Amino acid sequence: MADAPRYDDSLTIALLRARDAVTAQFRDHVGAAGLTLQQWRVIRALAGGTALDTTTLARRCVILAPSLTRIVRHLGDSGLVETLASHDRRQRVIRLTPEGEALFTEIWKVSERKYAAIEDAFGQDELRDLVISLNRLRACLEPDRAIGNAGV
């Protein structure tokens, strides 16, 4: 039997640890605004007047449909999102309310500083190359999926 790679050198473990390290940079200020990171991803995906159907929103935010349903219900009850009429009655289209846009703007100011700190620590070119490489890896493993739809 071939030697197994060291556990710490595993691609899946390295990706999980990097994800944890990156999301930890955003957890406190997002939480201080009363949101989970998943709720923040939904708000961020809808920022700037973007209205998305729930299937696209779930895929873009990397959230399972049942979880997205709960998140949208909570954000709707909080007055941060609203459901729009859709030409396809089976599909719901979601957008931010003015209150949701204002909350996005408030949180984004801090997030921009966090992103700048990550770039400073890791390197702007290196970070860009890493994101490109990770999107290429995903495209190789999920050729039927579009690239570049997720984010914290």
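Only the coordinates and a few stated rules stand behind these numbers; no lab work does. What you are looking at is a predicted structure, and each value in this text was computed from that prediction instead of being measured. Neighbour counts are summed over all protein chains in view; Cβ atoms, including those assigned to glycine, are modelled from backbone coordinates with ideal geometry.
Just a few scattered comments:
- 0 to 90° range, to nearest 10: angle between helix 124-141 axis and the chain longest Cα axis: 90
- Dividing the convex hull volume of the alpha carbon atoms of the stretch 1-82 by its residue count gives 127 Å³ per residue.
- Panel order for Trp40, Trp108, by other beta carbons found within 10 Å of each beta carbon, from fewest to most: Trp108, Trp40.
- Pairwise Cα inverse-distance average, inverted: Kirkwood Rh of the chain (Å): 17.2
- Proxy reagent accessibility, fewest Cβ within 10 Å first, across His74, His87: His87, His74
- On Cα atoms only, tilt of 37-46 relative to the major axis of the chain in degrees: 60
- Longest DSSP-loop-exposure-free segment, trypsin sites (Lys or Arg not before Pro), the chain, at most 14 other Cβ within 10 Å: 7-88
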